[in-house]
Amino acid sequence: MKALSVRVDTASPVPPYEQVRIQIADLIVGGHLVEDDRLPTVRQLAADLGLATGTAARAYRELESAGLVRSRRGAGTRVAPGHAPAPESELVEAARTLVTTGRRLGADDAQLLAAVRVALSAPPEK
């Protein structure tokens, strides 16, 4: 089981379950967590982050609904297959395009990052 580098900002207007969901999704999509990597139990994640178990469970349910993880009683929660990251060069080029377009529209770094988070939280395109 890999350690997760997830943090919750209690001052953020974003609900804690959503902060956790976004960060774990980022780790999966970014290739830091790969197929079949085991995530901490709901109880362990909640304890590590100082959250209620229901909050951690909701984050995992949302990730499962998005097809990023799969949970099985006795086997835990694991990264689902089919989420290999795009080659790094393609990702960097896509990020450059986003930054260039955002700058042209007058966006600052915070707005660009917020836009990426919104895009990541949207259901995957079919």
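The values are calculated or read from the model by the stated rules, or taken from the named source; none is laboratory data. The model shown is predicted, which means the values in this text are computed figures rather than measured ones. Glycine also receives a Cβ, built like all others from the backbone with ideal geometry; neighbour counts cover every protein chain displayed.
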Within segment 43-67, how many residues turn out to be farther than 15 Å from residue 18 by Cα and touching a helix residue (DSSP H, G or I) at 6+ places or on another chain (Cβ under 6 Å)? 1
Taking segment 49-82 and keeping residues more than 17 Å from residue 15 (Cα to Cα) and free of Cβ contacts under 8 Å to residues at least 24 places away in the same chain leaves 64, 65, 70, 71, 72, 73, 74, 75
Give the number of residues within segment 37-66 that are farther than 23 Å from residue 122 by Cβ and part of a helix (DSSP H, G or I). 10
Any idea which of (1) within 24 Å of residue 123 (Cβ to Cβ); (2) acidic (Asp, Glu); (3) modelled with pLDDT of 90 or more is the one residue 90 doesn't satisfy? (3)
Is it true that residue 22 is closer than 12 Å to residue 121 by Cα, aliphatic (A, V, I, L, M) and within 15 Å of the chain's Cα centre (by Cα)? yes
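Matching residues to (1) over 15 Å from residue 117 (Cα atoms); (2) loosely packed, with under 14 Cβ neighbours inside 10 Å; (3) in contact with a Phe, Trp or Tyr (Cβ under 8 Å, 6 or more places away or on another chain):
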position	(1), (2), (3)
16	no, no, no
24	no, no, no
35	yes, yes, no
50	yes, yes, no
63	no, no, no
67	yes, yes, no
76	yes, no, no
